[in-house]
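Engineer: Quick one: the structure is below, and I'll ask about it shortly.
The values are calculated or read from the model by the stated rules, or taken from the named source; none is laboratory data. Predicted model, so just to flag it, every value in this text is computed and none were measured. All Cβ positions, even for glycine, are placed from backbone atoms using ideal geometry, and neighbour counts span all protein chains on display. To get the accessible areas, we keep the full protein, side chains included, count just its heavy atoms, and leave off ligands, DNA and RNA. Shrake-Rupley method; radii C 1.70, N 1.55, O 1.52, S 1.80 Å.
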Amino acid sequence: MSDDRRDLSHELPRTPVSEATVAARRGKLTVATISLCGCWGCNLSTLDLDERLLPLLDLVTITRSSFTDLKRIAGRCDVGLVEGGVANEENIETLRHFREHCDVLVSVGACALWGGIPSLRNSIGLDECLATAYLDSPTAVPGDRPTIPLHPEIPRLTDRVRPCHEVVHMDYFLPGCPPSNDAVFAVLDAVAHGRPIDLPTSLTHYD
Amino acid sequence: MSITVTVDGVPVTVEEGATVADAATAAGAYVPTLCFHEDHPALGTCRVCAARLDGRVVAACSAEVHDGAEVEVAADDLATMRRQVVGLLFAEGNHVCPSCEKSGRCDLQAVAAETGMLTSEFPYRYPGRETDPGDARIWLARDRCILCQRCVDLVRDDEGRPVFTLTGRGPDTRVELDHATAAGLSDEQVAAAVDLCPVGAILRKGVGYDEPIGARRFDVASVRERALRGERR
Ligand code: SF4
Ligand code: SF4
């Protein structure tokens, strides 16, 4: 099927980065972020850093993020922030790619840490969930044959939603749904200044 | 009569009959407790308050100290045990704090943060536990029950009859709500039962998220601050 495959975003042609930019980035720490099966809320907490992002960007370059939607990390990366749990095959592939390319990998938020809201389906079972969504759905088009979508371009769901650390080794954990901007800042600031990540109790929240 | 014990090497004087947890509080050392309620006898069911008494690991809420006793609470291995016991409770049930009405006023959640539990070290089980929505005022959400037995041992109606019981054994143990007895409780008794449950397993219907974030019990003062000033619940 390889000839039918569309180009992925990281394979598309792109404007080369100017030498000045390359020089400015040299020596900075590289950070990549990704959202697996999450709601983007954790990434929004990063955006919520507001003006605190600016001095941080003197020390850190964000290479790959949910905002650029590049799928792959080019080269090595110092720190990967992973939002969301593992709910389908594509999540597994992406998480493994992050593990291979990042020196330090951080689970960010309830979904990455234990599955979060998407893991509510675990105690119900995948068959029943799919049946309710597609076969017995009250919003199904009358007269249509009830169908559960299946296509090579749609990632297959895993039987259960899993925490990231059940799939690859994760180095640090940042709880919260989402973690507050202060908690995200504590992690990035520690990383940027080469300190170990040590979340104070006051920033440890599960909600 | 007063006796003298050491807590992590610091001598303190306590009354005879004091527990390891009392001695720790007297010494200004925090040992988290979960099933223990200051107004009631210790249950000793949750084992979160692991501490060392004369070299043996005990439940701090129920083990009594004696004159000359050596108590340890801060050692790394004890902190790890406490964090792991809390982690077991999270892995065993379904604790979806982001959507739980008890969040911010839940003893399990507050204690977990104090032990430094970020995620459970055990595989999450995602059990399919039946909830009991059948009572007019009480919603029994078994997903969050940690089987501490506070409700079983302490909730009684005016005739002294139990309202909550345990059935089953081992992993099948679960709390049952006696609907007939529950119907006879006053609103105050229902509120007391809801408050007594350390987690969000016994909830009052029709109330919901009545306290805003920032004003909830443990937003106002952490469980550690409360314990150190002797408020053990
Ligand atoms: S009972 Fe406590 S720990 Fe469990 S989901 Fe509710 S707030 Fe979280
Ligand atoms: S319902 Fe609440 S009080 Fe009763 S055993 Fe379960 S956790 Fe304890």
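Engineer: Of the numbered conditions (1) more than 14 Å from every other protein chain (Cβ to nearest Cβ); (2) touching a helix residue (DSSP H, G or I) at 6+ places or on another chain (Cβ under 7 Å); (3) modelled with pLDDT of 95 or more, A:Leu188 satisfies every one except a single condition; which is it?
Structural biologist: (3)
Engineer: Go through the stretch B:155-179 and report how many residues are at pLDDT 95 or above and either in a helix (DSSP H, G or I) or within 15 Å of the chain's Cα centre (by Cα) (or both).
Structural biologist: 1
Engineer: Would it be correct to say that B:Leu118 is within 14 Å of the chain's Cα centre (by Cα) and open to solvent by 30 Å² or more (accessible area, probe 1.4 Å)?
Structural biologist: no
Engineer: Based on this model, can you work out whether B:Arg226 counts as over 20 Å from B:Leu88 (Cβ atoms), within 14 Å of chain A (Cβ to nearest Cβ) and of a type in the set (Lys, Arg)?
Structural biologist: yes
Engineer: Quick one: B:Ala113 ticks every box in (1) farther than 24 Å from B:Pro171 by Cβ; (2) more than 10 Å from chain A (Cβ to nearest Cβ) bar one, so which box is it?
Structural biologist: Here B:Ala113 clears every test but (2).
Engineer: Just one of (1) closer than 16 Å to A:Val191 by Cβ; (2) open to solvent by less than 10 Å² (accessible area, probe 1.4 Å) trips up A:Asp78, so point out which.
Structural biologist: Just one mismatch for A:Asp78, condition (2).
Engineer: Here are B:Gly93, B:Gly68, B:Gly87: which of them is open to solvent by less than 60 Å² (accessible area, probe 1.4 Å) and under 16 Å from B:Asp8 (Cα atoms)?
Structural biologist: It is B:Gly68.
Engineer: Another question about this same structure. State the number of residues belonging to the stretch B:138-182 that are among the basic types (Lys, Arg) and open to solvent by 40 Å² or more (accessible area, probe 1.4 Å).
Structural biologist: 4
Engineer: Next up: Between B:Tyr209, B:Tyr124, which is within 14 Å of chain A (Cβ to nearest Cβ), in contact (Cβ under 8 Å) with a residue 24 or more places away in the chain, surrounded by 15 or more Cβ atoms within 10 Å (Cβ to Cβ) and more than 19 Å from the chain's Cα centre (by Cα)?
Structural biologist: Of B:Tyr209, B:Tyr124, the one residue that is within 14 Å of chain A (Cβ to nearest Cβ), in contact (Cβ under 8 Å) with a residue 24 or more places away in the chain, surrounded by 15 or more Cβ atoms within 10 Å (Cβ to Cβ) and more than 19 Å from the chain's Cα centre (by Cα) is B:Tyr124.
Engineer: I'd like to know if the stretch A:78-87 contains one or more residues that are out of contact with any Ser or Thr (no Cβ under 7 Å at 6 or more places or on another chain), touching a residue at least 60 places away in the same chain (Cβ under 8 Å) and among the small types (Gly, Ala, Ser).
Structural biologist: no
Engineer: Do you know which residues across the stretch B:132-148 are within 16 Å of ligand 1 (Cβ to nearest atom) and part of a loop (DSSP other than H, G, I, E, B)?
Structural biologist: Selection gives B:Ala141, B:Cys145, B:Ile146, B:Leu147, B:Cys148.
Engineer: Next question. Listed residues B:Asp153, B:Asp143; which is within 14 Å of another protein chain (Cβ to nearest Cβ), under 24 Å from B:Val86 (Cα atoms), more than 8 Å from ligand 2 (Cβ to nearest atom) and out of contact with any helix residue (DSSP H, G or I) (no Cβ under 6 Å at 6 or more places or on another chain)?
Structural biologist: B:Asp143
Engineer: Identify, by number, the condition in (1) within 16 Å of ligand 1 (Cβ to nearest atom); (2) of a type in the set (D, E, K, R); (3) outside any loop (DSSP other than H, G, I, E, B) that B:Glu225 doesn't meet.
Structural biologist: (1)
Engineer: Filter the stretch B:183-227 down to the residues that are over 21 Å from B:Leu154 (Cα atoms) and among the hydrophobic types (A, V, I, L, M, F, W, C) and list them by number.
Structural biologist: Passing the criteria: B:Val207, B:Ile213, B:Ala215, B:Phe218, B:Val220, B:Ala221, B:Val223, B:Ala227.
Engineer: If a residue must be touching a residue at least 60 places away in the same chain (Cβ under 8 Å) and small (Gly, Ala, Ser), how many such residues does the stretch B:87-112 contain?
Structural biologist: Here the count works out to 3.
Engineer: For B:Cys61, indicate whether it is closer than 20 Å to B:His40 by Cβ, more than 15 Å from ligand 1 (Cβ to nearest atom), modelled with pLDDT of 95 or more and more than 14 Å from chain A (Cβ to nearest Cβ).
Structural biologist: yes
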